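**Student:** Pasting a structure here, questions to come.
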Amino acid sequence: MTKLCERSRRNFLAQGLAGAAALGVTALCATGEPQTRAERSRVVVARDPHLRGPDAKADSPASSGIDTRRLQALLDQAVAPLFGFPATEKGAVAAWRRVVGAGRTVSLKVNTLGGRGMATNVELVEAACERLQQAGVAAPNITVWDRDSEEMERAGFRIATGGGRVQCYGTDHVGYEEDLAAWGSVGSRLSRILTRSSDVLINLPVLKDHDGAGVTIALKNMYGVIHNPNKYHPNGCNPYVADLNMLTEIRARMRLAVCDATAAMYEGGPGFKPQFSWPCNALLAAEDPVALDFVGWQMIERKRAEMGLQSLEAEKRAPRYIATAADREHHLGHADPAQIQLVEV
Amino acid sequence: MNREFLPAEDETRSAFDRRSFVKCALASGAALSARGFTAPALAADGQTANGAQFTLEARFYQKLDNRKIKCKLCPRECVVGDKERGYCGVRENRGGVYFTLVHSRVCAAHIDPIEKKPLFHYLPGTMAFSIATAGCNVNCKFCQNWDISQSRPEEIPAEYLAPHQAAAVARQYNCPTIAYTYSEPVVFAEYAMDTADAAHAAGVRSVVVSNGYMQHDSLVAAYGRMDAVKIDLKAFSESYYAKVVTGQLKPVLESLVTLRKMGKWTEIVYLVVPTLNDDDAELRGLAAWIKANLGPDVPLHFTQFHPEYLLKNLPITPVPTLERARQIAMAEGLHYVYIGNVPGHPAQNTYCPQCGKMLVERVGFTARQVLIRKNSTCPFCGHRIAGIWRA
């Protein structure tokens with residue numbers, strides 16, 4: 001890794017400095033039509049039991065203590081094999097180039113609702129931005145975002161707007177579109193960051209339990225894209241999560257989901273409950289958010305069983321929206337294990 | 001969500017815009033400060049950075065384990081985890097304490113004719129200082145004011161207007177009433193309660209325009225302070241409430257009965273949506289239920305639907321459909337059945353149920369002449385006309 005990149009990674013977001021120099025990105029067409037799913041969806045689960053340094057506190061799994069070099073490598077291990085590239089830096093850059101294609105602007109939708117304890121890691125976002133720039137996306141064309149700037153700051157992000165750096169701010173800075181986007185049970189105003197600064201959307205959720213929805217991973221992370229998520233929590237968020245992800249503005253842009261499971265939560269979500277968190281030390285990557293959610297859900301179920309808790313099904317809060325997202329009406333991806341190629345690295 | 005909005009009313013609305021009301025409110029606050037009140041300073045954009053001045057502990061909720069709470073305001077009974085909000089979007093759990101985020105956070109303020117609420121049998125010809133905050137506890141697919149009712153408070157411009165300031169504005173503009181309306185007053189119940197108390201102290205009455213989707217205890221506590229109530233009864237079927245309203249019919253009917261027992265002057269609006277709630281049997285059932293449970297003198301307004309929000313695929317309600325609905329309700333024995341949102345229609349007038357003579361003539365939202373005697377009787381036959389006709 002070059003010195004410039006080192007400095008960029010260390011300072012980006014935290015210091016609000018510009019990222020690495022642009023590497024010859026070609027700005028061409030905007031977003032295309034929603035992608036058609038293959039017969040099988042690949043989900044990569046990359047793990048590193050040594051992700052955290054020896055100083056990491058065992059009772060605070062989400063706290064930093066993460067070795068940023070190892071995290072960068074872990075991200076490469078998650079993303080490169082997804083597209084059939086070797087898990088090297090070169091392979092990862094090629095994979096990211098595949099993701100962004102000719103998109104001019106790329107946004108990374110993080111999840112910061114849980115605060116510093118259970119939010120998308122700043123270090124992971126830095127690593128992704130590093131690769132995006134290496135893949136040819138200019139720093140100012142990258143936007144890291146969530147619903148609210150204050151929530152982002154509480155999760156450790158430094159708000160940055162303007163200049164030649166990676167942009168980082170909440171929808172509260174730019175607002176929502178005036179017009180409604182509607183599909184099925186959902187009618188919402190969309191974040192202008194999504195509609196105006198995202199030829200390509202990278203979904204960066206966390207892996208956690210949700211008292212109403214069962215789990216909240218990639219599909220439900222899109223609740224942070226709309227102005228009225230509170231309207232879509234009844235009935236375990238079903239079919240609202242699936243309907244929301246059917247909106248063309250979301251579906252056509254979302255090319256990749258990378259779930260931050262460096263720390264995860266198996267109970268008590270969505271608010272951060274340290275006592276129900278564990279250092280999972282993993283990343284999940286997929287082009288198919290439904291398949292990713294299914295795999296993530298099973299990971300949470302296994303942890304619940306390990307901890308002696310009932311399954312979400314037994315608690316009558318299994319995330320049924322995942323199956324809905326995969327049904328014939330939605331066909332957003334696969335929720336059948338037979339149609340999911342699980343690659344564990 | 002009520003049905004007060006019509007394009008033709010823009011002129012009325014613009015007569016009292018946000019700037020005017022803030023200016024007026026602040027002036028009132030300044031005047032009141034001499035008597036011990038102080039008007040909070042407004043931030044440059046009309047809001048404080050963190051909304052603290054609008055945040056007050058909610059009055060209707062129950063604390064649960066693990067910093068969760070159960071909201072007891074409406075029948076939805078949202079169980080809300082820490083840092084989350086209820087369905088309404090304007091109440092938030094902060095560390096196990098539930099807060100309303102919209103106390104004194106007024107996003108709409110206008111001076112309207114009381115007939116626009118519509119309240120036809122309550123102080124006709126007077127004006128109501130009408131205010132709203134963001135939020136609603138249902139999500140009607142036909143909502144006319146969805147831009148405020150379906151938004152969270154931080155997403156729309158708002159101004160600080162304390163209860164005593166609202167009362168002062170009403171007095172200053174010769175409004176005998178404050179109306180809590182436009183969005184859904186259920187979700188700003190604490191503000192409406194405090195404002196009603198301040199208004200009564202200042203000699204101003206309060207009326208509420210609501211969906212009635214409320215728990216019994218909160219209804220009694222909040223609407224017990226009101227002087228008149230208009231309830232939007234969206235349909236007379238649970239399936240419609242489930243599919244179109246995202247609520248339930250039964251609690252609304254229970255609210256109507258409770259209001260009746262409390263002796264609150266109540267009027268009902270029924271928005272007639274083509275093909276969805278305009279069936280003869282449903283309308284007949286509605287009218288029969290009203291007569292049996294509330295009595296024949298409760299005014300019922302059948303109003304015209306206009307395609308809006310998430311229900312744009314249906315036509316405007318044909319006037320003959322509204323007329324048929326009115327005929328059905330009157331045949332069931334209701335005395336005062338109106339047609340709304342159809343300017344110039346004769347069914348906007350009030351007629352004596354005994355002699356049939358016209359007693360209140362309305363043009364648009366203006367009561368052109370009110371012939372009812374001071375003792376609330378018909379000047380032609382002496383029949384008592386239900387309502388509160390004079391202050």
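**Student:** State the number of residues belonging to segment A:108-121 that are away from chain B (no Cβ under 14 Å) and surrounded by fewer than 24 Cβ atoms within 10 Å (Cβ to Cβ).
**Tutor:** Of the residues in segment A:108-121, 1 are away from chain B (no Cβ under 14 Å) and surrounded by fewer than 24 Cβ atoms within 10 Å (Cβ to Cβ).
**Student:** Restricting to segment B:161-191, name every residue that is surrounded by 24 or more Cβ atoms within 10 Å (Cβ to Cβ), among the hydroxyl-bearing types (Ser, Thr, Tyr) and more than 14 Å from every other protein chain (Cβ to nearest Cβ).
**Tutor:** B:THR177, B:TYR180, B:THR181, B:TYR182, B:TYR191 - these are the residues of segment B:161-191 that are surrounded by 24 or more Cβ atoms within 10 Å (Cβ to Cβ), among the hydroxyl-bearing types (Ser, Thr, Tyr) and more than 14 Å from every other protein chain (Cβ to nearest Cβ).
**Student:** Still on this structure, please answer the following. List every residue pair whose Cβ atoms lie under 6 Å apart, where the two residues are 6 or more positions apart in sequence or sit on different chains, the first residue falls within segment B:285-299 and is part of a helix (DSSP H, G or I), and the second residue, located anywhere, is surrounded by fewer than 15 Cβ atoms within 10 Å (Cβ to Cβ).
**Tutor:** That search, which allows pairs on different chains as well, returns B:LYS291/B:GLY333; B:ASN293/B:VAL257.
**Student:** Let me ask something else about it. Which number in (1) touching a helix residue (DSSP H, G or I) at 6+ places or on another chain (Cβ under 9 Å); (2) of a type in the set (S, T, N, Q); (3) surrounded by fewer than 18 Cβ atoms within 10 Å (Cβ to Cβ) marks the one condition that B:ASN313 misses?
**Tutor:** In the conditions (1) touching a helix residue (DSSP H, G or I) at 6+ places or on another chain (Cβ under 9 Å); (2) of a type in the set (S, T, N, Q); (3) surrounded by fewer than 18 Cβ atoms within 10 Å (Cβ to Cβ), B:ASN313 misses (1) alone.
**Student:** Further, regarding this structure: Restricting attention to segment B:362-378, and to residues there that are without any contact (Cβ under 8 Å) to a residue 12 or more places away in the chain and surrounded by 13 or more Cβ atoms within 10 Å (Cβ to Cβ), which single residue is nearest to the chain's Cα centre (by Cα)?
**Tutor:** B:GLN369
**Student:** Let me ask something else. Can you tell me which residue among B:ARG362, B:ARG284 is farther than 30 Å from B:THR246 by Cα and of a type in the set (D, E, K, R)?
**Tutor:** Checking each option against the conditions leaves just B:ARG362.
**Student:** Could you say which residue among B:PRO318, B:PRO307, B:PRO296 is more than 24 Å from the chain's Cα centre (by Cα) and modelled with pLDDT of 95 or more?
**Tutor:** So the residue among B:PRO318, B:PRO307, B:PRO296 that is more than 24 Å from the chain's Cα centre (by Cα) and modelled with pLDDT of 95 or more is B:PRO318.
**Student:** Another question, then. Quick check on segment A:79-101. Is at least one of its residues polar (S, T, N, Q) and part of a helix (DSSP H, G or I)?
**Tutor:** No.
**Student:** Looking only at residues in segment A:167-196 that are of a type in the set (Val, Ile, Thr) and under 17 Å from the mean Cα position of the chain (by Cα), which one is nearest to the other protein chains (Cβ to nearest Cβ)?
**Tutor:** Among those residues, the one meeting the criterion is A:THR171.
**Student:** I've got another one for you. Of all the residues that make up segment A:227-265, how many are within 14 Å of chain B (Cβ to nearest Cβ) and either among the β-branched types (Val, Ile, Thr) or within 15 Å of A:ASP146 (Cβ to Cβ) (or both)?
**Tutor:** So the answer is 2.
**Student:** Out of B:ARG67, B:ARG105, B:ARG91, B:ARG152, I need the residue that is more than 12 Å from chain A (Cβ to nearest Cβ) and either touching a residue at least 40 places away in the same chain (Cβ under 8 Å) or out of contact with any Ser or Thr (no Cβ under 6 Å at 6 or more places or on another chain) (or both). Which one?
**Tutor:** Just a single option satisfies the conditions, and that option is B:ARG105.
**Student:** Among what's in segment A:276-312 and is without any contact (Cβ under 8 Å) to a residue 24 or more places away in the chain and either in contact with a helix residue (DSSP H, G or I) (Cβ under 8 Å, 6 or more places away or on another chain) or within 14 Å of another protein chain (Cβ to nearest Cβ) (or both), pick the residue that is surrounded by the most Cβ atoms within 10 Å (Cβ to Cβ). Talk me through it step by step, then tell me what you get.
**Tutor:** Residues of segment A:276-312 without any contact (Cβ under 8 Å) to a residue 24 or more places away in the chain: A:298, A:301-302, A:305-306, A:308, A:310-311.
The next check asks that each one be either in contact with a helix residue (DSSP H, G or I) (Cβ under 8 Å, 6 or more places away or on another chain) or within 14 Å of another protein chain (Cβ to nearest Cβ) (or both); those that pass are A:310-311.
Values: A:GLN310: 11, A:SER311: 13.
The selected residue is A:SER311.
Residues checked against (1) under 30 Å from A:TYR232 (Cβ atoms); (2) free of Cβ contacts under 8 Å to residues at least 60 places away in the same chain:
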residue	(1), (2)
B:ALA128	no, no
B:PHE142	yes, no
B:ILE148	yes, yes
B:ALA158	yes, no
B:THR181	yes, no
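**Student:** Quick one: would you say A:GLY224 is buried (at least 24 other Cβ atoms within 10 Å of the Cβ), closer than 24 Å to A:ASP293 by Cα and within 14 Å of chain B (Cβ to nearest Cβ)?
**Tutor:** Criteria not met by A:GLY224.
**Student:** Inside segment B:151-200, can you point out the residues that are part of a helix (DSSP H, G or I), among the aliphatic types (A, V, I, L, M) and either farther than 30 Å from A:PRO229 by Cα or outside the structural domain of B:ALA222 (by TED's automatic domain parsing) (or both)?
**Tutor:** If the condition is that a residue be part of a helix (DSSP H, G or I), among the aliphatic types (A, V, I, L, M) and either farther than 30 Å from A:PRO229 by Cα or outside the structural domain of B:ALA222 (by TED's automatic domain parsing) (or both), then B:ALA166, B:ALA167, B:ALA168, B:VAL169, B:ALA170, B:ALA196, B:ALA198, B:ALA199 are the ones that fit.
**Student:** Would you mention how many residues in segment B:352-391 are out of contact with any His (no Cβ under 6 Å at 6 or more places or on another chain) and in a loop (DSSP other than H, G, I, E, B)?
**Tutor:** 22
**Student:** Quick one: A:ASP209 ticks every box in (1) surrounded by fewer than 22 Cβ atoms within 10 Å (Cβ to Cβ); (2) within 14 Å of another protein chain (Cβ to nearest Cβ); (3) of a type in the set (D, E, K, R) bar one, so which box is it?
**Tutor:** Evaluating A:ASP209 over (1) surrounded by fewer than 22 Cβ atoms within 10 Å (Cβ to Cβ); (2) within 14 Å of another protein chain (Cβ to nearest Cβ); (3) of a type in the set (D, E, K, R) leaves (1) as the failure.
**Student:** Right, another one. What's the number of the only condition in (1) touching a Cys at 6+ places or on another chain (Cβ under 7 Å); (2) part of a strand (DSSP E or B) that A:LEU292 fails to meet?
**Tutor:** So A:LEU292 meets the others, but not (2).
**Student:** Same structure again: Return the residues of segment B:287-312 that are polar (S, T, N, Q) and within 13 Å of B:VAL244 (Cβ to Cβ); say none if nothing qualifies.
**Tutor:** Initial filter on segment B:287-312 (polar (S, T, N, Q)): B:293, B:303-304.
If the condition is that a residue be polar (S, T, N, Q) and within 13 Å of B:VAL244 (Cβ to Cβ), then no residue fits.
**Student:** For B:GLU77, are the conditions met, namely being assigned to a strand (DSSP E or B) and either touching a His at 6+ places or on another chain (Cβ under 7 Å) or among the acidic types (Asp, Glu) (or both)?
**Tutor:** It is false that B:GLU77 is assigned to a strand (DSSP E or B) and either touching a His at 6+ places or on another chain (Cβ under 7 Å) or among the acidic types (Asp, Glu) (or both).
**Student:** Moving on to the next point. Any residue at all in segment B:131-140 that is within 13 Å of the chain's Cα centre (by Cα), within 23 Å of A:HIS227 (Cβ to Cβ), more than 14 Å from chain A (Cβ to nearest Cβ) and in a strand (DSSP E or B)?
**Tutor:** Within segment B:131-140, one or more residues are within 13 Å of the chain's Cα centre (by Cα), within 23 Å of A:HIS227 (Cβ to Cβ), more than 14 Å from chain A (Cβ to nearest Cβ) and in a strand (DSSP E or B).
**Student:** Another one. Can you name the condition, by its number, that A:GLU177 falls short on among (1) without any contact (Cβ under 8 Å) to a residue 60 or more places away in the chain; (2) farther than 22 Å from A:ASP243 by Cα?
**Tutor:** Unmet for A:GLU177, out of (1) without any contact (Cβ under 8 Å) to a residue 60 or more places away in the chain; (2) farther than 22 Å from A:ASP243 by Cα: (2).
**Student:** Does B:SER33 fit the bill of being surrounded by fewer than 16 Cβ atoms within 10 Å (Cβ to Cβ), more than 20 Å from B:ASN139 (Cβ to Cβ), away from every other protein chain (no Cβ under 14 Å) and modelled with pLDDT under 50?
**Tutor:** Judged against the criteria, B:SER33 is a match.
**Student:** Out of the residues in segment A:266-275 that are within 14 Å of chain B (Cβ to nearest Cβ) and over 13 Å from B:ASP82 (Cβ atoms), which is farthest from the chain's Cα centre (by Cα)?
**Tutor:** Filtering segment A:266-275 down to residues within 14 Å of chain B (Cβ to nearest Cβ) leaves A:267-275.
Add one more test, that the residue is over 13 Å from B:ASP82 (Cβ atoms), and what stays is A:267, A:275.
Working: A:GLU267: 20, A:GLN275: 23 Å.
Step by step, filter segment A:266-275, then rank; the result is A:GLN275.
**Student:** Are any residues in segment A:276-331 among the small types (Gly, Ala, Ser), under 13 Å from A:GLY214 (Cα atoms) and touching a Gly at 6+ places or on another chain (Cβ under 6 Å), and if so, which ones?
**Tutor:** A:ALA318
**Student:** If I go through segment B:192-217 residue by residue, how many of them are farther than 27 Å from B:ASN174 by Cα and crowded, with 23+ Cβ neighbours inside 10 Å?
**Tutor:** The total comes to 4.
The values are calculated or read from the model by the stated rules, or taken from the named source; none is laboratory data. For clarity, every value in this text was computed on a predicted model and none was experimentally measured. Because the Cβ atoms are built from the backbone with ideal geometry, glycine has one as well, and the counts that use them run over all protein chains shown.
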